[in-house]
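Enquirer: Questions regarding the structure given below will be posed in turn.
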């Protein structure tokens, strides 16, 4: 059997490939750790309060919610980031996105009607308001990263993502669910 050019490349460079695969595994873990560091970043902000809940939804996403946005059986409003992966940050997949999400179609319609005007008039959030379709009330894609340093990636989380969560939360912090 004759191997493809790609197969031959891997065979002839296996020690480098093995190191590369291990490096990818380590970097995935480091990205998850970086994302988890968002909790401490947010808790240091002067707007953070007792009723806020920080949740790790997966190794690639986190969000905040409050007790006042929660029913007996579930959290209704989430503000966070999802799909924070190597492939979405650096590759060809859809980029990670910051979001304000509402669970349930009935809840989303009411909450969007209640809050839509706030987002349309907020200069920091209006560009992320997609209107009244889907479960996402706010969506902010994170720009693909090219030639980024470690410090810049840390700043991306500490500034861009934390800032979005802060602005979205402060815009609706007094909103009470009345379903």
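The values are calculated or read from the model by the stated rules, or taken from the named source; none is laboratory data. Since the structure is predicted, the reported quantities are computational estimates derived from the model, not experimental observations. Because the Cβ atoms are built from the backbone with ideal geometry, glycine has one as well, and the counts that use them run over all protein chains shown.
Enquirer: Can you name every residue in segment 112-126 that is over 17 Å from residue 165 (Cβ atoms) and touching a residue at least 40 places away in the same chain (Cβ under 8 Å)?
Expert: Within segment 112-126, 114 is the sole residue that qualifies.
Enquirer: When segment 70-81 is examined, which residues are found to be touching a helix residue (DSSP H, G or I) at 6+ places or on another chain (Cβ under 9 Å) and either in a strand (DSSP E or B) or modelled with pLDDT of 90 or more (or both)?
Expert: 75, 77, 78, 79, 80, 81
Enquirer: Right, something else. May I ask you to list the residues in segment 127-179 that are closer than 18 Å to residue 33 by Cβ, in contact (Cβ under 8 Å) with a residue 60 or more places away in the chain and assigned to a loop (DSSP other than H, G, I, E, B)?
Expert: Matches in segment 127-179: 142 only.
Enquirer: Being surrounded by 15 or more Cβ atoms within 10 Å (Cβ to Cβ) and either more than 19 Å from residue 108 (Cβ to Cβ) or within 12 Å of the chain's Cα centre (by Cα) (or both) is the filter here; which residues of segment 52-71 pass it? Talk me through it step by step, then tell me what you get.
Expert: Start the filter on segment 52-71 by keeping residues that are surrounded by 15 or more Cβ atoms within 10 Å (Cβ to Cβ), which leaves 52, 54, 56, 59-66, 69-70.
Scanning segment 52-71 gives 52, 54, 56, 59, 60, 61, 62, 63, 64.
Enquirer: Is one or more of the residues making up segment 110-120 touching a helix residue (DSSP H, G or I) at 6+ places or on another chain (Cβ under 8 Å), surrounded by 14 or more Cβ atoms within 10 Å (Cβ to Cβ), in a strand (DSSP E or B) and at pLDDT 90 or above?
Expert: Within segment 110-120, the first condition is being touching a helix residue (DSSP H, G or I) at 6+ places or on another chain (Cβ under 8 Å), and the residues that meet it are 115, 118-120.
Then drop every residue that is not surrounded by 14 or more Cβ atoms within 10 Å (Cβ to Cβ), which leaves 115, 118-119.
From what is left, the residues that are in a strand (DSSP E or B) are none.
Scanning segment 110-120 turns up no residue that is touching a helix residue (DSSP H, G or I) at 6+ places or on another chain (Cβ under 8 Å), surrounded by 14 or more Cβ atoms within 10 Å (Cβ to Cβ), in a strand (DSSP E or B) and at pLDDT 90 or above.
Enquirer: Where the second residue is loosely packed, with under 13 Cβ neighbours inside 10 Å and the first is on the phi < 0 side of the Ramachandran plot and lies in segment 26-54, which pairs have Cβ atoms under 6 Å and are six or more apart or on separate chains?
Expert: Cβ pairs passing all conditions: 51/67.
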